[in-house]
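First the structure, in the form of structure tokens, and then the observations on it.
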Amino acid sequence: MLFLHGNGERGDGKEDLGFVMKHGPIYEAWIQQRDLPFVIIAPQLPLFGQGEVRYIRNRSRDDIPQRRAEGAPPRPSGGDPQKEMQGQLAEMSPHPPEGLKAGWPLIESELLAMLDNVEVNFRGNPNQVYLTGLSYGGFGTWYLGAMFPERFAAMAPVVGHGHVDHAQSLADARLPIWQFAGGKDGVVPVRHFYGALNETQRLGHPEVRFTIEADQGHGAWVRVYASRDLYDWFLSHSLPR
């Protein structure tokens, strides 16, 4: 499983590397001590000039979760009690196909090299490679899945949407998609998710799922990755080789 983190977890790949364990399947496996049946690849996106973003500048290495000798800490909340749930009309993505600036497309060759390395040296199964990511990593999941659909058995972008330009390759490859969004998300609004999803379905893709966690904000990933459903769904798919 290749996991692409969000913008707040990027860093230098050394002292900052622990930030990649704050969220997602790597957090569930290591900090929550769950026995997930995957080799999880969790690379760190370099800063690429984003070091002065407020939530990156103000973070502390004390925020990096630590694995306990026994038991697991409570998960953070993904909800936003100050924001009301509401329906939203569909709008096209305001971002280019590459997603947000200084994102995962800048290191796509390194990501593919990591997959190759794991398949060769860690007995990875090339027919069961799964792609997921949250926020910045959700945008990266759409991009990488659309550019290299033959590499993955299924993909699950979380609180990050795609672009209509991604639809054709994903529909042609019939790469299974399970998209997640937070109904109260004020960072990546739900209305921007429909364009790529609808276009992918219009082109004949047979397996496009969209789950809106209506009571959750941008941190909807907490519930998504805490559930067993996503992991079981991944394991139900493999490439027809």
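Computed from the coordinates by the stated procedures, all read-outs in this text should not be read as laboratory data. It should be emphasised that the depicted structure is a prediction, and the values quoted were computed from it without experimental measurement. Here the Cβ positions follow ideal geometry from the backbone for every residue, glycine too, while neighbour counts run over all protein chains shown.
Observations on the model:
- Global geometry of region 2-235, whether rounded, prolate or oblate, following the gyration tensor of its Cα atoms and the 1.5 cut on a/c: rounded
- Take every Cα pair under 8 Å whose residues are at least 6 apart in sequence, average their separation, divide by the length of region 139-222, and the relative contact order is 33 percent.
- Straight-line cross-link partners of residue 14 among the aspartates and glutamates, defined as a Cα under 19 Å from its Cα and at least 8 positions apart when in the same chain: 52, 62, 63, 110.
- For the chain, relative contact order (Cα pairs under 8 Å, six or more residues apart, normalised by length) works out to 23 percent.
- Share, in percent, of DSSP beta bridges within the chain that are antiparallel, nearest 5: 5
- Listed residues 214, 99, 48: farthest to the positive end of the dipole of region 2-235 (Cβ charges): 214
- Taking 234, 122 and counting other C-beta atoms within 10 Å, the order from fewest to most: 122, 234
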